[in-house]
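Heads up: the structure comes next, in C-alpha cells.
The values are calculated or read from the model by the stated rules, or taken from the named source; none is laboratory data. Remember, it's a predicted structure, so these values are computed and weren't measured experimentally. Backbone-built Cβ (ideal geometry, glycine too); neighbour counts: all protein chains shown. We work out accessible area using only protein heavy atoms, side chains counted, and drop any ligands, DNA or RNA first. Shrake-Rupley method; radii C 1.70, N 1.55, O 1.52, S 1.80 Å.
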Amino acid sequence: MAGCGVVSSGDNQKKEPAGAAKDGDKIVIGMSMDTLKEERWQKDRDIFTAKVEELGGEVKVLAANGDDATQLSQAEQLISQGVDVLVVIAHNAEATAPIVEKAHKEGIKVIAYDRLINNAEVDYYISFDNVRVGEFQAQAVIDQAPKGNIVYIGGADTDNNAHMFKEGAMNILKPLEEKGDIKIVYDQFSKDWKPEEALKNMENALTANNNDVQGVVAANDGTAGGSIQALTAQGMAGKIPVSGQDADLAAVQRIAEGTQLMTVYKPINAIATKAAEMAVAAAKGDSISTEKTVNNGKIDVPSVLLDPLAVNKDNLDVLIKDGFHKLEEVYKNVPKDQWPKQ
C-alpha cells in the first residue's frame, strides 16, 4: 500500500466534458456495491437513491456480497446498460481498478464511494477522514488504558480504508509503545471484515497473552462485536475498553450496556447526499469542486473528505437526534429507569 492514501490540500476544479446525459434525458447512476449484508450499507444505498431521485435521476444498484469477480461483472453490466456515472463501493481496492478503465472506455465517470480504488484514474473520491477515524479509536482506548498490553483488530486487508484506519491508530499507539507505556501485543487484519474472523483473532490474542490484555482497538463495529464475543467467553467483557466504527445498532446497544467503549459515527446522510449531488453533477457535465486529493498509487484523486465523530456513552443522543437510531432501540437492553431524560 506504499504511496496510497496520501492526502494533500488544494482546490481542484474539474470541468466535465459536456453532457454525458443530454438535456431532457433522465440521468441514470449505476451503483456497484461491495455488500448489502451490513446495516450501514443499506442506509447508504437508501439515502443515495432518494437524493438522486429528488434531483431527477434514477439509480441502478447491484451488490456483490464481498466477491471480487461478481463486483467486476456487475459493474460491466451497469456499464453496458449505459449508465451516465458509475459509483463504486469497492470490495477490493486493487481488484476494482479494471472497472475504472472499462467505464472510461465508454465515457463514463467513476466516483469511488467511501473506499478508495487504487492504481486507477478514478475521477472522484468521497469519504471521511479515515486516518482521523483510527486516531479517534486508539485515543479513546488509550484514555481508558494508558498502560499495558493493547490488541489491534483490523479490518479487511483488501480494503484501503482498513489500512488508513490502522495508520491513524498507530499514529497514537506507536509513540506510546516507544515510550514504554504500552505494548502492542497483537496486530492482525480480519478477512472481509467478518466478525467471526475478528473473534478468532481476539481468541488468539487472549491465548497468546494469557488474557493479560488492557485494551482492544477494533477497526469497526463488526470486528468489535467479534472481539467482545471472545472477551465475554473469558468473563472480560465490559472490563476491557473496545473501540468500533459505523454506529451500527448492535454496537450502540453495547455502548449503552457498557461492553463497548465507543464507535465512530460517520454521518451517512452527509456522505450519501453529497455523493448523489456529485454523481448528478458529473452526469450533467457540471464542474465539481474538491478541496483535497488522495493519492491512490497512480494519480492524486480529487477528493471530498467529511468529518467523522467519536461517540461514547456520553453523547449517544447525537445518533438519536440525527434520526440514525431510535431511543428505544439504543437502550433496549438497559433498564428503563436508566434511560436518559428526554
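Here the range 158-275 exposes an accessible surface that is 47 percent carbon and sulfur, computed with a 1.4 Å probe and the other protein chains kept in place.
Computed about its Cα centre, the charge dipole of the range 37-136 is approximately 60 debye, with only Lys, Arg, Asp and Glu carrying charge at their Cβ.
Legend: Rg and Dmax of the range 95-153, from Cα coordinates, 17.9, 56 Å. Neighbours of M170 by Cβ distance under 12 Å: Lys/Arg scored +1, Asp/Glu scored -1, total -3. Here the calculated FRET efficiency for K147 and E101, from their Cβ-Cβ distance with R0 = 45 Å, stands at 0.35, rounded to the nearest 0.05. Only Cα pairs within less than 10 Å get springs; with that Gaussian network setup on the chain, which residue of S243, S127, S287 has the largest fluctuation? Result for the chain, Cα springs under 10 Å: S287 fluctuates most. Is the range 206-270 best put as rounded, prolate or oblate by its Cα gyration tensor, with a ≥ b ≥ c the root eigenvalues, rounded for a/c under 1.5, and otherwise prolate when a/b is larger than b/c, oblate when not? Prolate, because a/c is 1.5 or more and a/b exceeds b/c.
For the chain, what does -39500 (n - 2.57) per DSSP helix run (n ≥ 4), summed and divided by total residues, give at 222 nm, in deg cm²/dmol to the nearest 500?
After summing the helix terms and dividing by residue count, I get -12500 deg cm²/dmol.
Only lysines eight or more places from K341 in sequence, or on another chain, were considered; those with a Cα closer than 29 Å are K43, K239, K266, K313, K321, K326, K332.
Under the simplified labelling scheme, the N269-E53 pair shows an inter-label distance of 1.8 nm, with each label point 7 Å from Cα along Cα→Cβ. Ligands, DNA and RNA excluded, the heavy atoms of R254 present near 40 Å² of accessible surface to a 1.4 Å solvent probe. For the Cα trace of the chain, dividing Rg by the Kirkwood Rh returns an Rg/Rh value of 1.00. By accessible area, using a 1.4 Å probe on protein heavy atoms only, the range 49-146 has 42% of its surface on carbon and sulfur.
Solvent-accessible surface of the range 252-332, taken per residue with a 1.4 Å probe and all protein chains present: 40 Å². Annotation: amide H of V301 within the under-5 Å range of V294, N295, N296, sequence separation 5 or more or interchain, hydrogens built in the peptide plane.
For the pair K326 and T232, label points projected 7 Å from Cα toward Cβ lie 2.3 nm apart.
Here the 3J(HN,Hα) profile of the range 115-124, calculated from phi with Karplus coefficients 6.51, -1.76 and 1.60 at θ = phi - 60°, is 10, 5, 9, 8, 6, 8, 8, 5, 6, 8 Hz, Gly and Pro shown as x. In the elastic network of the chain, a GNM with C-alpha springs shorter than 10 Å, the most mobile of G226, G30, G82 is G82. Can you tally the net charge around P267? Count Lys and Arg as +1, Asp and Glu as -1, for every other residue whose Cβ sits under 13 Å from the Cβ of P267. Cβ neighbours under 13 Å give a net charge of -1. Were the residues from D300 through V185 laid out at 0.36 nm apart, the gain over their Cα-Cα distance would be 37.9 nm.
Write down the Å³ per residue value for the convex hull defined by the alpha carbon atoms of the range 23-181.
Working: hull volume 19.3 nm³, N = 159.
Taking the convex hull of the Cα positions in the range 23-181, it is 121 Å³ per residue.
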